[in-house]
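Report on the structure given below.
The values are calculated or read from the model by the stated rules, or taken from the named source; none is laboratory data. Every value quoted in this text rests on a predicted model; they were computed, and no experiment measured them. Please note: Cβ atoms are built from the backbone with ideal geometry, for glycine as well, and neighbour counts cover all protein chains shown.
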Amino acid sequence: MSILHEKLLAQASELRAKRASLIKEHGEDSLGDVTVEAVLGGMRGVPALVCETSSVSADEGLRIRNIPIMELTNITPEETFWLLVTGDRATQTELTALKEAFAKYYEVPSYVVDTLSAMPKDSHPMAMLSAGILAMERESEFRKAYDAGTGKDELWKSMVNDSVRLIASIPGIAAALYRIRFNKGSVIKPLANDNDLSNNFAHMLGVSDDASWKDLVRLYLVLHSDHEGGNVSAMTSYVVSSALSDPYYSVSAALCGLAGPLHGLANQECLRFIIEVKEKFGHVPSEDEIRDFAWNRLKGGQVIPGYGHAVLRVTDPRFTAFHAFAQSHGVTDDNVTIVQRIFNVVPGVLQEQGKAKNPWPNVDAYSGSLLYAYGMTEFDYYTVMFGVSRAIGLCSQMVVNRMMGSPIVRPKSLTLAELAK
Ligand code: AMX
């Protein structure tokens, strides 16, 4: 049993006991009415899920295990995973053990590279990422444990093993597909003398040798790791894994949701928007020019990518964290300047239009311009970076839900006629 299993062992029975006692003592208590508008409106605001790993409030944004994300901008993805899944900050011994466990899987199996290489050249990088994870399903210890008759209360243990392997493998899959899809040359092997996850990912991508590139990859992986349980990707993995499908199936499905333009694809759309603005004017546009451009876009029925959020009602703290990175690392190219000018103008435009409930930027409004500045100019790829990070949160949420003994998800659907009645 690993040091992580030992840490989680006591928590698993506590979580199951808490769940059982809440059902026993408060099972009939109401959390409020479900309105017709909520049923027709994407279940917005319906309290229908449990998520222990993180929370998102309208007025502050993301907290990981109740710690504001702005207090976690210096940690590593390994520390993030440990915090998400256990609720505690990792000790040095725990961190060393986790890094060693991850490092065994940094090199991607050759059949996964073959799968990616066999895909047509115009495949979307997110389709490749999801397919790469799905190809690895044969490695699932969770499925093997289930097939061997392991009891439901014990299955979380093999889910931890799958999660460790999946989180450690996804950077290599993502890096391999970057190099294959964008003709970057051969697939780069992990570092021989460094078992740090983000250093390895930065290295295998082969984008830049700049030391601050590694720091950007680290920050990127931490900031996108989790965003409570109700967003499209988290909820997808929750639903899929509730059927006792293993983490490879669940994360692969979640990545398909992340690939949507209203969710993770927004970062690709954001950079496209920035480049479009620059190309239209042939220079870094003034704030007045950006205002006109934004209005024309809204009048054409298009959204402003990177602005608005289903939960947040303030500037996303992750946007602020990327801005702080740009400032402290002196990233001041045209795109970053445009991001800043859009930020000065677009919230006012959206407020004046009066439709978006949140006129402020989300994380996607900044992230792409930083990747671009370091030489990752293929913006079709940006959601893959998001997916590598989000796998950390998806796996953490699934492990905690499995420890808790969460049952299959099965809400009730209604026909429109039933609703009208
Ligand atoms: N630009 C233009 N219009 C917007 C808008 C934006 N950035 N954000 C919201 N609106 C519009 C909606 O389209 C909707 O219009 P409708 O009534 O005609 O359908 C209206 O404002 C009300 O929407 P809302 O309640 O404020 O937002 P929502 O919860 O339905 O959707 C989101 C949230 C993020 C999908 C939406 O703000 C959006 O499309 N933003 C742009 C895309 C984006 O940045 N996505 C990234 C989200 C974060 C992530 O998952 N990575």
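Consider the range 262-283. How many of its residues are surrounded by 18 or more Cβ atoms within 10 Å (Cβ to Cβ) and either among the basic types (Lys, Arg) or under 11 Å from Ile342 (Cβ atoms) (or both)? Residues that pass the stated criteria total 4.
Do we find a residue being closer than 17 Å to Met403 by Cα and buried (at least 17 other Cβ atoms within 10 Å of the Cβ) anywhere in the range 164-177? Yes; the residues of the range 164-177 include at least one that is closer than 17 Å to Met403 by Cα and buried (at least 17 other Cβ atoms within 10 Å of the Cβ). A single member of Ser250, Ser233 is under 21 Å from the mean Cα position of the chain (by Cα), assigned to a helix (DSSP H, G or I), more than 16 Å from the ligand (Cβ to nearest atom) and within 27 Å of His309 (Cα to Cα), and it is Ser250.
In this structure, does Val311 turn out to be within 9 Å of the ligand (Cβ to nearest atom), in contact (Cβ under 8 Å) with a residue 60 or more places away in the chain and either within 23 Å of Leu72 (Cβ to Cβ) or not in a helix (DSSP H, G or I) (or both)? It is true that Val311 is within 9 Å of the ligand (Cβ to nearest atom), in contact (Cβ under 8 Å) with a residue 60 or more places away in the chain and either within 23 Å of Leu72 (Cβ to Cβ) or not in a helix (DSSP H, G or I) (or both).
A quick yes/no check of all residues on (1) acidic (Asp, Glu); (2) assigned to a helix (DSSP H, G or I); (3) surrounded by fewer than 23 Cβ atoms within 10 Å (Cβ to Cβ):
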| position | (1), (2), (3) |
| --- | --- |
| Tyr372 | no, yes, yes |
| Met376 | no, no, yes |
| Thr383 | no, yes, no |
| Gly393 | no, yes, no |
| Arg402 | no, yes, no |
| Ser406 | no, no, yes |
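Write out, first by first residue and then by second, each pair whose Cβ atoms fall under 6 Å of each other, whose residues are 6+ apart or on separate chains, and whose first residue, in the range 36-56, is farther than 15 Å from His309 by Cβ while the second is within 14 Å of the ligand (Cβ to nearest atom) and small (Gly, Ala, Ser). Cβ pairs passing all conditions: Val46/Ala38; Leu49/Gly229; Leu49/Gly230; Cys51/Gly229. From the residues in the range 293-307 that are assigned to a helix (DSSP H, G or I) and buried (at least 16 other Cβ atoms within 10 Å of the Cβ), which one is farthest from the ligand (Cβ to nearest atom)? Once the filter is applied, the top-ranked residue is Phe293.
Within the range 327-348, the residues that satisfy the criterion of being more than 9 Å from the ligand (Cβ to nearest atom) and either in contact with a Ser or Thr (Cβ under 7 Å, 6 or more places away or on another chain) or among the β-branched types (Val, Ile, Thr) (or both) are His329, Val331, Thr332, Asn335, Val336, Thr337, Ile338, Val339, Ile342, Val345. Take Ile188 and decide whether it is farther than 26 Å from Ala310 by Cβ and touching a residue at least 24 places away in the same chain (Cβ under 8 Å). It is false that Ile188 is farther than 26 Å from Ala310 by Cβ and touching a residue at least 24 places away in the same chain (Cβ under 8 Å). Within the range 355-369, which residues are away from the ligand (no atom under 11 Å from the Cβ) and either hydroxyl-bearing (Ser, Thr, Tyr) or surrounded by fewer than 24 Cβ atoms within 10 Å (Cβ to Cβ) (or both)? Once the filter is applied, which keeps residues that are away from the ligand (no atom under 11 Å from the Cβ) and either hydroxyl-bearing (Ser, Thr, Tyr) or surrounded by fewer than 24 Cβ atoms within 10 Å (Cβ to Cβ) (or both), the range 355-369 yields Tyr366, Ser369. Scanning the range 199-220 for any residue that is in contact (Cβ under 8 Å) with a residue 60 or more places away in the chain, of a type outside the set (Asp, Glu) and farther than 30 Å from His323 by Cβ turns up nothing. Among the candidates Ala103, Ala118, Ala127, Ala48, which residue alone is of a type in the set (Gly, Ala, Ser) and within 29 Å of Gly405 (Cα to Cα)? Of Ala103, Ala118, Ala127, Ala48, the one residue that is of a type in the set (Gly, Ala, Ser) and within 29 Å of Gly405 (Cα to Cα) is Ala48. Within this structure, Val207 passes the test of being away from the ligand (no atom under 16 Å from the Cβ), in contact with a Lys or Arg (Cβ under 9 Å, 6 or more places away or on another chain) and either part of a loop (DSSP other than H, G, I, E, B) or at pLDDT 95 or above (or both).
Looking across the range 2-38, the residues that are in contact with a helix residue (DSSP H, G or I) (Cβ under 9 Å, 6 or more places away or on another chain) and either among the small types (Gly, Ala, Ser) or on the phi > 0 side of the Ramachandran plot (or both) come down to Ser2, Ala12, Ser13.
Whenever a residue of the range 159-174 is touching a residue at least 24 places away in the same chain (Cβ under 8 Å), its partners that are surrounded by 24 or more Cβ atoms within 10 Å (Cβ to Cβ) and of a type in the set (Lys, Arg), lying with C-beta atoms within less than 7 angstrom and at least six residues away or across chains, give the pairs Met159/Arg402. Applying the criterion of being modelled with pLDDT of 95 or more and part of a helix (DSSP H, G or I) to the residues of the range 265-288, the residue that is farthest from the ligand (Cβ to nearest atom) is Asp288.
Looking at the range 217-226, can you tell me whether even one residue there is modelled with pLDDT of 95 or more and surrounded by fewer than 20 Cβ atoms within 10 Å (Cβ to Cβ)? No, the range 217-226 contains no residue that is modelled with pLDDT of 95 or more and surrounded by fewer than 20 Cβ atoms within 10 Å (Cβ to Cβ).
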